[in-house]
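One structure is given here, and the rest of the page talks about it.
The values are calculated or read from the model by the stated rules, or taken from the named source; none is laboratory data. Small disclaimer: the values here were computed from a predicted structure and weren't measured. Neighbour counts run over all protein chains shown; Cβ positions are idealised from the backbone, glycine included.
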Amino acid sequence: MTDIRGYVLAGGKSSRMGSDKALLNMEGRTTIERQCEILETFCVQGVFIAGARSSELSKFSWPVIQDSMLDQGPLFGIISALQHAENGIAVILAVDLLAISTADITAVLAACSQDVDSECDVFFAQSKQDPSEHGAQPLCAAWRVESSLAVLSQQLEQGQRSVMKAWQGLKRQGVLISDSHLININLPSDFENFHRAKG
């Protein structure tokens, strides 16, 4: 496959969590370390932390890509990552999708590599239990940079902030992933329940 770069989106305010979600302790390492290490397996052209809010994240071994403006939402973060990648495939993973596994990323990239005619622009995690748009997870996805960036950028310029609406102009393919792997960790109680379910 073409060049592959990985981006962990970590630009959210974490206001509901009460502390930076990227720095939560998960089995002896931070959540940002956990997510970056998963992507390192696949992204030989590098893994980057996108939209970091805390200066603490600059202390890790992965380069930080700063958003040009804060608090613009995940669509802005995706576009920033695609602009940095410039070409090839950008694998994007949100820092709070803590149940995503190496096998899940393998499945998404396998679908991308099998699309030899480059007919699709983005391959994303799709809930097995909910095949509708509501079950799509664009923050665990492999994006073809050159075909996706112009469309998303135009949508942003027109005032769109929703990823789910902005990507309507793209050719998309879902990759079925277990619902239990697609949970977002937004609240302290979410994090506690996640640990309890694992233990």
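Considering the stretch 136-184 alone, what residues qualify as being assigned to a loop (DSSP other than H, G, I, E, B) and of a type in the set (S, T, N, Q)? Within the stretch 136-184, 158, 160, 162, 178, 184 meet the criteria.
In the stretch 125-132, is there at least one residue being under 26 Å from residue 41 (Cβ atoms), touching a Gly at 6+ places or on another chain (Cβ under 7 Å) and at pLDDT 90 or above? Yes; the residues of the stretch 125-132 include at least one that is under 26 Å from residue 41 (Cβ atoms), touching a Gly at 6+ places or on another chain (Cβ under 7 Å) and at pLDDT 90 or above.
Taking into account only those residues within the stretch 99-134 that are β-branched (Val, Ile, Thr) and part of a loop (DSSP other than H, G, I, E, B), which is surrounded by the fewest Cβ atoms within 10 Å (Cβ to Cβ)? Applying the filter and picking the extreme gives 116. State whether one or more residues within the stretch 151-172 are in contact with a helix residue (DSSP H, G or I) (Cβ under 9 Å, 6 or more places away or on another chain) and within 21 Å of residue 39 (Cα to Cα). No, the stretch 151-172 has no match at all.
Scan the stretch 22-38 and tell me whether some residue there is modelled with pLDDT under 85 and touching a Gly at 6+ places or on another chain (Cβ under 8 Å). Looking for residues that are modelled with pLDDT under 85 and touching a Gly at 6+ places or on another chain (Cβ under 8 Å), one finds none in the stretch 22-38, hence no. Selection over the stretch 46-57 of residues that are touching a Lys or Arg at 6+ places or on another chain (Cβ under 8 Å) and either among the aliphatic types (A, V, I, L, M) or loosely packed, with under 14 Cβ neighbours inside 10 Å (or both) gives a count of 1.
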